[in-house]
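Q: Just dropping this structure here.
The values are calculated or read from the model by the stated rules, or taken from the named source; none is laboratory data. Note that the coordinates shown come from a computational prediction; the quantities given were computed from them, not determined experimentally. We place every Cβ from the backbone using ideal geometry, glycine too, and count neighbours over all the protein chains shown. Just the protein is used for accessible areas: all its heavy atoms, side chains included, with ligands, DNA and RNA removed. Shrake-Rupley method; radii C 1.70, N 1.55, O 1.52, S 1.80 Å.
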Amino acid sequence: MHIGLKQVSSMKSQQKLIMTPKLQQAIKVLLMSRLDLTQHMNEKLQENPLLDEVLVEDLEIESLDGLDELDPDTDWNEPGEILDRADKEPDIDWESFFDDMVSISERETFQERADSDAPQADIAQLQTLHEFLMAQLNDVPFSDIERKIGEQIIGNLDDTGQLNVAPLFSVPLELRSNLDSGNLPEELRSEFENNEITFSQKVSISAKGCDSTDTKRWRITDEDNEQIYTVSVDEDKLNIYGITLEEIAEDIGCEVCLVENVLRFIQRNFEPTGIAYRTIPESLLVQIDAVKMDQPLVREIVKCHFDDLMNNLIPRIAKNLDVGIDAVLKAKELIGTLNPYPGRHFSDRSDPKRFNDRKRFASSIVPDIIVEKGERGYRFITNDDGMPRLRLNPLYVNMMRNGDSVLDKNTKTWLNNQKNLAIDLLKSVDQRHRTIKKVTEAIFQKQSEFLEQGVKALKPLVLKQIADMADVHESTVSRVTSNKYVQTPQGIYNLKFFFSSELHTDSGGNVAVTSVKEKIKDMLDKEDTAKPLSDQTISDMLRVDGIHAARRTVAKYREELGILSSNKRKRKW
C-alpha cells in the first residue's frame, strides 16, 4: 500500500459581499458629523480639480440632475441603492471595516455611544486634555529644565486633570520581602490587582538607597504598559504611589522646590484653571483666587471643612466656624459654581459641567435638520447653511467632452478617475441628506406629541421601528442618528435622544424611560429639602401613576440625572 501526497484543484461557488469604493465613501459620509463632513468636503475641493464650489447667485440653477449623464454606473443611480445595498443581510462588520479604513482618532470622532443623550461638541476633531495642555506648555517661556518638568507633570495627569501624588493604596510592611532582591512578590502583585492595576510580564524593580538593607523606596516599572510605581516605607506599612514630586525631581535632576514652582504655575496660568491639582480642595482654592472671590468663609470651608461639605453636614460646619447656617448655605452655592474636576469635560460626556465648559473650548451645535410648524403641519428642512455647495467643474467637463483630439491617453484616464471620485462624493452627500430627512420624518411620526408637549410626551422607541418605517436597515438608522442634531420647537436635540426603552404601566401600555426620568426630576425639584424623597418613595409615587419602576431602577435613573441621594440632599436646619 502506497501513501503519497498530491495536489488537487477544485471549484466552489460562494456568496460574498464586497464593498465598492463608492459604497465605502457613502457609509463614511453618512457616519460623519456635520462639521466633519464640511471639513471633508473642503479637503476634497482642494484635492480634486473636477470639483467646483457653487456661488450663491448660481444656486437656483444648480442641481444634481446633470450627474447621471456622466455616470455610466446605472446601479449607482438607482434611488437609495447606495445605502440599501449595505443594509441587505448579511450585514457588514463595521468595526472591522473601520479598523482598516480610518485612523484611531478619526474612528473616535465618527463613533457615538448608543446610550448617550448628552450633546456633543460640534468640532471636527476632539482634543485630548494632554494635547490641550501640551499646546499651552509650548507657548510658555520656560527654560529647558522647566519645560521637561512641565512635560512630566502633564504626562502624569489622569482624565480628570489630577496629579495623583497621594498613595494609590497601602500594604503591610511584610510584603517588602522580595523587593530588596528585585522581585515583585506574588502577594504584592495580588494587591495591585485588587486595586484594579494589572501588570504585564515585563516588570523591573530598582532600589532607591545606598544600602539595600536601608532602602526606603523602590521603583516598579511595568515596561509593556509604560507605567512606573513607587513603593515607599512609611512606619509599619508600604505606600504605593503612581508618581511623587520627588520622583519627578530625581528624573529631571533638579530640586523639588523647582517642580513645585512649575506645578503652581500650571495650576494658576493654564486652562482650565486648577488643572494638575493634587486634591479637589487645592483645585477649588486655585479657582477661588482666579475669579477673585472675596469670600473668606468660602476659602475656610474648602480648606478645612471640605469633607463635611461633601457629606452635607451644614450644621456641623456652622458650629465649628461659629457662623449662621444661612451663611454656610450661601458659601456652598458659591462653591457649587466652581469645577472640582477641571479636566473631566475632555473625557467624560456625562459630566454635568461639560455643556458649560464646552462653551469655552468648542463652537455651538448647528442642527443637521430643522423641524418647523407650518400651516399644513410640520416641515422637515435639511440645514445646508455653512456647508460648501459643490458641483462638477464645468471647465473640465467641457474639456472631457470636446478634448479627444488634444488630450493624451494618460490625461484622459486621470481626468476620468477624478470625475468618478467627484460624482461619488456628490451623490454620497446628496444621499446622506435624503436619508437623514427620511429617518427624521419617521422618528417624528412616532414622537409627534413631543413637538407640542415636550419630553414628558416621549414614547418608547427602538431602531427597528424606524428602520421598518423608513425602509432601511437598523444599522443605517444607527449610523444616521450618530452625531446628528435636529432643531425642534422644543429645542435642539441629538437624534438618538428620541430612542428610549420602555417601562410597563398598569393600563397595559408602556412609557418611555426618558419621560420617566423627567417625572423623577420634576418630583425632586418640588421636594421638601428638609424631608427629601427617598428612592423607594419615588418608586411608590410612580406606581400611583401606574408606572412600575423598582427602587434600584429609580436610583439608577437618579444617578444618570446627576442627582445626589436623599441623605446628601437633606437639610436639617
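Q: Given a 1.4 Å probe and heavy atoms of the protein chains only, how would you sort ARG147, ARG268, largest accessible area at the top?
A: From most accessible down to least: ARG268, ARG147.
Q: Mind ordering 530-539, 242-251, 393-402 by average Cβ neighbours within 10 Å, highest first?
A: 242-251, 530-539, 393-402
Q: Hey, another quick one. So for each of 161-169, 320-328 I average, over its residues, the number of other beta carbons within 10 Å; can you give me the resulting order with the highest mean first?
A: The most tightly packed comes first, giving 161-169, 320-328.
Q: Go through region 480-573 and name the GluC sites (Glu not before Pro) that are in a DSSP coil and have 16 or fewer other Cβ atoms within 10 Å of their Cβ.
A: GLU527
Q: While we're here: Region 488-573: which trypsin sites (Lys or Arg not before Pro) are DSSP loop and have at most 14 other beta-carbon atoms within 10 angstrom?
A: Those satisfying the criteria are LYS526, ARG571, LYS572.
Q: If MET523, MET41, MET469 are ordered by their accessible area, calculated over protein heavy atoms with a 1.4 Å probe, which sequence runs from highest to lowest?
A: MET469, MET523, MET41
Q: Follow-up. Looking at the square roots a ≥ b ≥ c of the eigenvalues of the Cα gyration tensor of region 491-573, which shape do they give, rounded for a/c under 1.5, prolate if a/b is larger than b/c, or oblate?
A: Oblate shape, in that a/c is at least 1.5 and b/c is the bigger or equal ratio.
Q: Right, here's the next one. At R0 = 30 Å, how high is the FRET efficiency between SER448 and ARG551 if r is their beta carbon distance? Nearest 0.05 is fine.
A: Efficiency for this residue pair is about 0.35.
Q: Taking the simple approach of a point 7 Å from Cα along Cα-to-Cβ for both LYS409 and LEU297, what is their distance in nm?
A: Between LYS409 and LEU297, the label points sit 8.9 nm apart.
Q: Express the carbon and sulfur contribution to the solvent-accessible surface of region 367-492 as a percent, rounded to the nearest whole number, probe 1.4 angstrom.
A: 46
Q: Just subtract the alpha-carbon distance of ILE492 and MET11 from 0.36 nm times their residue separation and send over the number in nm, one decimal.
A: Working it through step by step, the gained length comes to 167.5 nm.
Q: If you count, for each residue, the other Cβ atoms within 10 Å and average over each peptide, how do 148-160, 274-286 line up from highest to lowest?
A: Descending packing order for the listed peptides: 274-286, 148-160.
Q: Please give the length that would be gained between LEU561 and ASP430 if that part of the chain were fully extended, namely 0.36 nm times their separation in residues minus their C-alpha to C-alpha distance (nm, one decimal).
A: 43.4 nm
Q: So, one more: Taking 0.36 nm per residue of sequence separation and subtracting the Cα-Cα distance, how much length would be gained by fully extending the chain between LYS330 and ASP528, in nm to one decimal?
A: Extra length available between LYS330 and ASP528 comes to 69.4 nm.
Q: If you bin every alpha carbon distance in region 365-465 into 10 Å steps from zero, what whole percent lands in each bin?
A: Result, from short to long distances: 12, 29, 22, 16, 12, 7, 2 percent.
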